[in-house]
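K.L.:
I'd like to ask some things about the structure below.
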Amino acid sequence: MLEKALKGKPSYWIWLFVLLSLIGTASIVYIFQLVYGLQITGMSRDVSWGLYISQLTYLVGVAASAVMLVLPAYFHHYKEFKRMIILGEFMAIAAVMMCMLFVLVDLGQPQRMLNIFMYPSPNSILFWDAIVLNVYMILNIIIGWITLQAERNQVDPPKWIKKVIYLSIIWAFSIHTVTAFLYSGLPGRHYWLTAIMAARFLSSAFCSGPAILLLLALLLKKLTEFDPGTQAIKTLAKIITYAMCVNVFFFLLELFTAFYSGIPGHQAPIIYLFSGWEGHAEWVAFMWTAAALAILSLVLLIPAKFRDNHALLPWTLAILVIATWIDKGIGLMVGGFTPNVYEAVTPYTPSLWEIIITLGVYGIGALILTVLWKVAVGVKQEVGTAT
Amino acid sequence: MDKSRRNFIRLASLSALGMGAAPALARAETASAVYTETTEAADMYGPNANALEGTHWGMVIDTTKLTTPEDIAPIVEACHSIHNVPDIGNDQEIKWIWSATFHESFTEKHNHYLAEEIHERPFLLLCNHCEHPPCCRVCPTQATFKRESDGVVLMDFHRCIGCRFCMAACPYGARSFNFGDPRPYISQINHEFPTRTRGVVEKCNFCAERLAKGEEPACVEASNGAIIFGDLDDPHSEVREVLKEHFTIRRKPTLGTQPSVYYII
């Protein structure tokens with residue numbers, strides 16, 4: 001089926017070329033990082049994780065978007081999602097691949113990466129994260145490929161694949177839970193040391209993941225013959241609305257615990273993020289932007305007349321994606337490390353090089369996604385199931 | 001012609017054999033040399049007869065005897081010079097032992113109206129060699145581990161992948177990461193101790209290499225008696241005697257890590 005990715009309009013090839021040049025540029029910067037070490041990043045002794053690991057966190061959520069389609073389709077026999085499922089599964093592959101690349105570019109000694117498997121350490125959550133992410137990617141490759149092949153051959157997919165699909169639904173929850181445990185099990189990091197972390201990861205994933213998926217599916221509808229179907233769009237928008245409500249609710253729970261208890265350690269990261277600490281206010285504007293956009297996204301999602309307005313929907317989704325990205329894709333990381341273990345502030349802002357490498361990894365993800373979706377849409381056009 | 005050709009082949013194969021055999025012979029010679037060396041080396045690499053013995057090394061820092069930056073500097077210098085700790089001088093710095101204010105050191109003990117003298121006093125900070133070290137719990141490769149025999153938390157610089165999970169997990173900020181190559185920043189390399197490469201984490205090792213030779217940690221030696229080192233499991237050890245006589249505190253005890261470094265305030 002891969003041959004479908006070899007035929008395309010000039011715009012398709014231009015897009016691939018743009019992605020490849022981005023990846024190429026970032027690769028050169030990465031080589032510099034290999035030679036000079038992580039000193040080219042904005043990270044420091046006190047803020048020892050930054051943009052890379054926070055992208056892992058965010059993209060684990062994006063990988064989960066598939067499950068919000070697969071679960072209704074297979075557990076509740078919701079037929080409207082069937083056409084779109086493959087997009088979710090293929091996006092999961094691209095997202096998990098980016099997750100693993102973000103771990104890789106963050107390593108000080110990437111050539112020793114396989115030590116994780118050569119010296120398996122079940123007490124380390126990172127060991128389990130490597131396992132659940134790899135398995136989730138493999139599950140999605142198998143499911144996506146087998147079901148798409150069956151669709152192309154116009155036969156029912158083999159029966160055993162259903163069991164794999166059920167496993168993948170449950171597995172999707174594990175990738176968030178385990179990734180949240182990376183943070184929530186660390187003593188002395190107040191912003192992370194919270195039992196609701198895994199739940200926040202799930203809620204944030206189930207709104208931001210499907211939002212990105214739907215946004216890209218709407219783009220696909222504009223660019224190709226593919227149509228996710230009005231009913232599917234409506235239902236997915238509803239799922240996103242509920243998940244975003246829960247996501248905001250969970251964040252408010254954090255605020256309650258921190259500020260009603262009055263415990264300084266719990267308040268400090270939130271105060272730093274939203275109003276600054278000892279004269280440092282690097283992320284205040286970002287966090288208030290996130291808060292405002294989160295509320296705006298709910299205003300545009302909760303009333304059905306706004307949500308079902310499909311000219312407005314892409315904007316709403318973009319607003320939601322920005323809000324959740326600031327919250328989880330950067331705020332979560334910075335808040336965990338600031339104030340630091342001495343209750344002082346070592347400010348962190350990513351360096352230009354760090355941003356270029358980050359964009360490069362996103363470029364690889366976009367390339368994988370483009371090729372896989374091209375195949376999926378190609379097959380659907382061939383057998384006439386694109387609309 | 002036939003004969004000369006056979007001779008040629010015979011000669012050629014013989015010399016080829018010779019060429020192959022010569023290095024093998026040489027190897028055998030060195031091997032026997034290595035063998036005699038290793039029998040001698042059993043003493044050299046086996047446990048040193050003078051090695052300090054203990055099952056839980058710990059430390060008491062008498063901060064009343066270390067009240068000025070001038071008291072602190074030689075201790076830090078002693079440690080950093082023998083362990084090839086680079087002087088990088090920005091927020092990507094490396095430090096094994098350093099000093100901080102009371103507020104920074106004991107974040108759970110904020111009082112209004114702190115005694116002025118305490119407010120001014122520097123406090124030595126280093127790895128706490130916890131009984132329940134979170135850094136070892138999170139390490140995905142067992143590159144950092146607590147030595148069973150004496151409770152010292154150590155690093156394998158050759159196994160560390162540089163994921164920095166241990167740095168996120170350590171509530172004491174005891175760990176440093178080599179963001180770049182540390183060697184240009186070492187003023188004088190001590191060839192008795194390894195330098196590190198970029199991309200690995202490092203920290204205080206309670207001078208494991210000195211304990212093995214029967215010497216106390218370098219900071220203890222340089223402290224003029226302000227730092228007391230010994231076996232916390234031994235009720236008659238000097239550290240235990242000091243702990244019996246003085247009120248001491250530890251950093252962040254509520255986290256359950258059980259630090260092995262105590263402070264007399």
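K.L.:
For the structure I just gave you, tell me whether A:Leu214 is surrounded by 21 or more Cβ atoms within 10 Å (Cβ to Cβ) and farther than 25 Å from B:Glu108 by Cα. It would help to see each step written out before you state the result.
P.N.:
Values: surrounded by 21 or more Cβ atoms within 10 Å (Cβ to Cβ): yes; farther than 25 Å from B:Glu108 by Cα: yes.
Judged against the criteria, A:Leu214 is a match.
K.L.:
Right, next: If you check A:Ile175, A:Ile170, which single one turns out to be within 21 Å of A:Cys99 (Cβ to Cβ) and surrounded by fewer than 17 Cβ atoms within 10 Å (Cβ to Cβ)?
P.N.:
Values: A:Ile175 fails: surrounded by fewer than 17 Cβ atoms within 10 Å (Cβ to Cβ).
Among A:Ile175, A:Ile170, only A:Ile170 is within 21 Å of A:Cys99 (Cβ to Cβ) and surrounded by fewer than 17 Cβ atoms within 10 Å (Cβ to Cβ).
K.L.:
Given the structure, is A:Leu202 open to solvent by 10 Å² or more (accessible area, probe 1.4 Å) and touching a His at 6+ places or on another chain (Cβ under 6 Å)?
P.N.:
On the way: open to solvent by 10 Å² or more (accessible area, probe 1.4 Å): yes; touching a His at 6+ places or on another chain (Cβ under 6 Å): yes.
Yes; evaluated as a whole, the condition is true for this residue.
K.L.:
A:Trp192 passes all but one of (1) within 19 Å of B:Leu255 (Cα to Cα); (2) in contact with a Phe, Trp or Tyr (Cβ under 6 Å, 6 or more places away or on another chain); (3) modelled with pLDDT under 95; which number fails?
P.N.:
So A:Trp192 meets the others, but not (3).
K.L.:
Looking at region A:172-200, I want the residues that are within 13 Å of another protein chain (Cβ to nearest Cβ) and have a partner that is among the β-branched types (Val, Ile, Thr) and open to solvent by 30 Å² or more (accessible area, probe 1.4 Å) with Cβ atoms under 7 Å, at least 6 apart or on another chain. Which pairs are those?
P.N.:
A:Val178/A:Ile125; A:Phe181/A:Ile125; A:Leu182/A:Ile125; A:Gly185/A:Ile125
K.L.:
I want to confirm something. Restricting to region A:107-135 and keeping residues that are touching a residue at least 60 places away in the same chain (Cβ under 8 Å) and more than 7 Å from chain B (Cβ to nearest Cβ), which single residue is most open to solvent (accessible area, probe 1.4 Å)? Explain how you work it out, then say what you get.
P.N.:
Going residue by residue through region A:107-135, those that are touching a residue at least 60 places away in the same chain (Cβ under 8 Å) are A:108, A:110, A:125, A:133.
Those still in the list that are more than 7 Å from chain B (Cβ to nearest Cβ) too: A:110, A:133.
Working: A:Pro110: 20, A:Leu133: 5 Å².
Checking each candidate, the answer is A:Pro110.
K.L.:
Looking at region B:108-115, is at least one residue among the hydroxyl-bearing types (Ser, Thr, Tyr), under 14 Å from the mean Cα position of the chain (by Cα) and either within 14 Å of chain A (Cβ to nearest Cβ) or surrounded by fewer than 18 Cβ atoms within 10 Å (Cβ to Cβ) (or both)?
P.N.:
Checked against the condition, which is being among the hydroxyl-bearing types (Ser, Thr, Tyr), under 14 Å from the mean Cα position of the chain (by Cα) and either within 14 Å of chain A (Cβ to nearest Cβ) or surrounded by fewer than 18 Cβ atoms within 10 Å (Cβ to Cβ) (or both), region B:108-115 yields no hits at all.
Let's see how each residue does on (1) assigned to a helix (DSSP H, G or I); (2) open to solvent by less than 50 Å² (accessible area, probe 1.4 Å):
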residue	(1), (2)
B:Asp181	no, no
B:His191	no, no
B:Arg198	no, no
B:Lys213	no, no
B:Glu216	no, no
B:Cys219	yes, yes
B:Asp233	no, no
B:His236	no, no
B:Glu241	yes, no
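K.L.:
Still on this model: For region B:53-67, give me the residue count where each residue is open to solvent by 60 Å² or more (accessible area, probe 1.4 Å) and within 19 Å of the chain's Cα centre (by Cα).
P.N.:
Residues of region B:53-67 that are open to solvent by 60 Å² or more (accessible area, probe 1.4 Å), as a first pass: B:53, B:55, B:64-65.
Applying the additional criterion that residues be within 19 Å of the chain's Cα centre (by Cα) yields B:53, B:55.
Count: 2.
K.L.:
Another question, then. Condition first: away from every other protein chain (no Cβ under 14 Å) and exposed (fewer than 13 other Cβ atoms within 10 Å of the Cβ). Now tell me which residues in region B:243-256 satisfy that. Show your work before the answer.
P.N.:
Taking region B:243-256 as the starting set, the residues that turn out to be away from every other protein chain (no Cβ under 14 Å) are B:243-249.
Passing the criteria: B:Lys244, B:Glu245, B:Phe247.
K.L.:
Looking at region A:371-378, is at least one residue within 14 Å of another protein chain (Cβ to nearest Cβ) and either of a type in the set (Phe, Trp, Tyr) or open to solvent by 40 Å² or more (accessible area, probe 1.4 Å) (or both)?
P.N.:
Residues of region A:371-378 that are within 14 Å of another protein chain (Cβ to nearest Cβ), as a first pass: none.
Taking every residue of region A:371-378 in turn, none turns out to be within 14 Å of another protein chain (Cβ to nearest Cβ) and either of a type in the set (Phe, Trp, Tyr) or open to solvent by 40 Å² or more (accessible area, probe 1.4 Å) (or both).
K.L.:
Within region A:53-75, can you find the residues that are of a type in the set (Gly, Ala, Ser) and buried (at least 24 other Cβ atoms within 10 Å of the Cβ)? Working first, answer last.
P.N.:
The initial filter retains those residues of region A:53-75 that are of a type in the set (Gly, Ala, Ser), namely A:54, A:61, A:63-66, A:73.
Residues satisfying the conditions are A:Gly61, A:Ala63, A:Ala64, A:Ser65, A:Ala66.
K.L.:
Given the conditions (1) within 18 Å of B:Ser81 (Cβ to Cβ); (2) more than 7 Å from chain A (Cβ to nearest Cβ); (3) touching a strand residue (DSSP E or B) at 6+ places or on another chain (Cβ under 8 Å), report the number of the one that B:Ser176 does not fulfil.
P.N.:
Among (1) within 18 Å of B:Ser81 (Cβ to Cβ); (2) more than 7 Å from chain A (Cβ to nearest Cβ); (3) touching a strand residue (DSSP E or B) at 6+ places or on another chain (Cβ under 8 Å), B:Ser176 violates only (2).
K.L.:
Could you tell me which numbered condition A:Glu282 fails, if it satisfies all but one of (1) acidic (Asp, Glu); (2) outside any helix (DSSP H, G or I); (3) away from chain B (no Cβ under 14 Å)?
P.N.:
Condition (3) is where A:Glu282 drops out.
K.L.:
Sticking with this structure for a sec: Looking at (1) farther than 18 Å from A:Ala66 by Cβ; (2) free of Cβ contacts under 8 Å to residues at least 40 places away in the same chain; (3) among the aromatic types (Phe, Trp, Tyr), which one does A:Tyr242 not meet, given that it meets all the others?
P.N.:
Among (1) farther than 18 Å from A:Ala66 by Cβ; (2) free of Cβ contacts under 8 Å to residues at least 40 places away in the same chain; (3) among the aromatic types (Phe, Trp, Tyr), A:Tyr242 violates only (1).
K.L.:
Sticking with this one: As an exercise: evaluate B:Cys166 against (1) more than 7 Å from every other protein chain (Cβ to nearest Cβ); (2) surrounded by fewer than 24 Cβ atoms within 10 Å (Cβ to Cβ); (3) in a helix (DSSP H, G or I) and give the number of the one condition it does not meet.
P.N.:
That leaves (2) as the condition not met.
K.L.:
Given the conditions (1) more than 14 Å from every other protein chain (Cβ to nearest Cβ); (2) of a type in the set (Ser, Thr, Tyr); (3) surrounded by fewer than 19 Cβ atoms within 10 Å (Cβ to Cβ), report the number of the one that A:Ser297 does not fulfil.
P.N.:
It fails just one condition, (3).
K.L.:
In region A:330-357, which residues are surrounded by fewer than 23 Cβ atoms within 10 Å (Cβ to Cβ) and either more than 30 Å from B:Ala100 (Cβ to Cβ) or of a type in the set (Ser, Thr, Tyr) (or both)?
P.N.:
Hits for region A:330-357 are A:Tyr342, A:Thr346, A:Thr349, A:Ser351, A:Leu352, A:Trp353, A:Ile355, A:Ile356.
A quick yes/no check of all residues on (1) over 21 Å from A:Met100 (Cα atoms); (2) part of a loop (DSSP other than H, G, I, E, B); (3) out of contact with any Pro (no Cβ under 9 Å at 6 or more places or on another chain):
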{"residue": "A:Asn340", "(1), (2), (3)": "yes, yes, yes"}
{"residue": "A:Glu343", "(1), (2), (3)": "yes, yes, no"}
{"residue": "A:Gly363", "(1), (2), (3)": "no, no, yes"}
{"residue": "A:Leu369", "(1), (2), (3)": "no, no, yes"}
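K.L.:
Still on this structure, I have one more. Can you tell me which residue in region A:76-106 is nearest to the other protein chains (Cβ to nearest Cβ), limited to those that are surrounded by fewer than 20 Cβ atoms within 10 Å (Cβ to Cβ) and out of contact with any Gly (no Cβ under 8 Å at 6 or more places or on another chain)?
P.N.:
Residue satisfying both the conditions and the ranking: A:Leu104.
K.L.:
Look at region B:152-163 and say how many of its residues are more than 7 Å from chain A (Cβ to nearest Cβ), open to solvent by less than 10 Å² (accessible area, probe 1.4 Å) and either in a loop (DSSP other than H, G, I, E, B) or farther than 24 Å from A:Tyr183 by Cα (or both).
P.N.:
1
K.L.:
I've got another one for you. Can you confirm whether region A:336-359 contains a residue that is in contact with a Cys (Cβ under 8 Å, 6 or more places away or on another chain), among the aliphatic types (A, V, I, L, M) and within 14 Å of chain B (Cβ to nearest Cβ)? Before the answer, list the steps.
P.N.:
Residues of region A:336-359 in contact with a Cys (Cβ under 8 Å, 6 or more places away or on another chain): A:341.
Restricting the remaining residues to those that are among the aliphatic types (A, V, I, L, M) gives A:341.
Right, trim to within 14 Å of chain B (Cβ to nearest Cβ) and you get A:341.
Within region A:336-359, one or more residues are in contact with a Cys (Cβ under 8 Å, 6 or more places away or on another chain), among the aliphatic types (A, V, I, L, M) and within 14 Å of chain B (Cβ to nearest Cβ).
K.L.:
Run A:Val35 past the list (1) in contact (Cβ under 8 Å) with a residue 12 or more places away in the chain; (2) at the interface with another protein chain (Cβ under 10 Å from one of its Cβ atoms) and report the number of the one that doesn't hold.
P.N.:
Status for A:Val35: all satisfied but (1).
The values are calculated or read from the model by the stated rules, or taken from the named source; none is laboratory data. The structure presented is a predicted model; accordingly, all values stated were derived computationally and were not measured. Every residue, glycine as well, gets a Cβ built from its backbone with ideal geometry; the counts of neighbours run over all protein chains shown. Areas reflect the complete protein model, heavy atoms only, side chains present, ligands, DNA and RNA absent. Shrake-Rupley method; radii C 1.70, N 1.55, O 1.52, S 1.80 Å.
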